[in-house]
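Taking it in order: structure first as C-alpha cells, then the write-up.
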Amino acid sequence: MKSLGHYPDYWYWILRGKPQRSPHLLKQRTVREYGQKFGLRILIETGTYYGEMVSAMKSRFDAIYSIECNPELAARATKEFAKYSHIKIIQGDSQTALPELLKSLEKPALFWLDAGYYGWSGEQGDKKRLGVELDAILRHKINGHVILMDDAHGLNGKNGALTIEEVTKQIQKDFPNRKVEVTFDILRIAPAEKVGLSDLSGRGVTNL
C-alpha cells in the first residue's frame with residue numbers, strides 16, 4: 001500500500017531540513033488541523049488521484065467530496081470508497097464540477113485544491129482553472145470556507161499559470177477579510193481574524 005511509505009518519506013523530509021515540497025503525511029495533518037481549528041465537517045478535494053487524502057480523512061469529516069478528471073482514476077476511487085455513504089467521488093473537470101457542487105452546499109467546507117496545471121498523465125490542463133475555482137469558492141453565499149492549495153510552487157507564472165503574488169494581491173483586493181499565506185508549499189486562505197495559522201502542521205506526526 002502506497003500510504004505505508006508516508007512515514008519514511010516524512011522523516012526523510014525532516015532530515016533534509018524541511019525543503020519546499022512537503023510530504024503527504026504533513027499534508028494530511030494540515031487538512032486535519034485546519035478542519036479542527038475552523039470547525040469544518042465537510043471536505044472538498046480536487047484531484048482524487050489514488051484516493052490517499054480521502055482515505056486518510058474518511059473518519060475525520062462528516063462528508064467528503066473528491067473531484068477527479070481522469071475517468072479511470074475516478075472509477076477506481078468510486079469502487080474503493082463505495083461502502084462509505086459520506087464519501088462521493090465526482091468524475092469531471094473541477095472547473096465546472098466544483099461550482100456545480102457549491103450550489104448544493106449549505107455549510108462551510110474545507111477545500112483541498114490541486115495547484116498543478118498538469119494532470120497526472122502529464123497533459124496540460126486549463127490555465128484558468130484555479131482562478132475559476134478560487135473565485136467560485138470565495139464568492140459563495142457561505143462565508144466560512146477555508147482553502148488549502150497543494151503544491152503552491154506550481155503558482156510560478158510559467159505557461160500562463162498564476163503566481164502566488166497575483167493570487168494574494170487579487171484576494172486581498174476583492175476579499176480583504178481573508179488572510180493568505182504559504183507554508184510548507186501549501187497556500188492557505190482563511191478568515192483574517194484567525195491568526196497564528198502558519199505554525200500548524202509544523203510539529204510531529206503523533207495522533208495522525
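The values are calculated or read from the model by the stated rules, or taken from the named source; none is laboratory data. Because the structure is predicted, anything quoted here is derived from the model rather than measured. Here Cβ is always computed from backbone atoms with ideal geometry, including for glycine, and neighbour counts include all displayed protein chains.
Computed quantities for the displayed model
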quantity: Identity of the residue in the stretch 136-162, closer than 22 Å to GLU33 by Cβ and in a helix (DSSP H, G or I), that ends up nearest to the chain's Cα centre (by Cα); calculated: ALA152
quantity: Any hit, the stretch 5-24, residues being loosely packed, with under 13 Cβ neighbours inside 10 Å and modelled with pLDDT of 95 or more; calculated: no
quantity: Hits in the stretch 94-119 - residues which are surrounded by fewer than 16 Cβ atoms within 10 Å (Cβ to Cβ) and modelled with pLDDT under 90; calculated: TYR118
quantity: Candidates LYS88, LYS79, LYS107 - the one that is basic (Lys, Arg) and part of a helix (DSSP H, G or I); calculated: LYS79
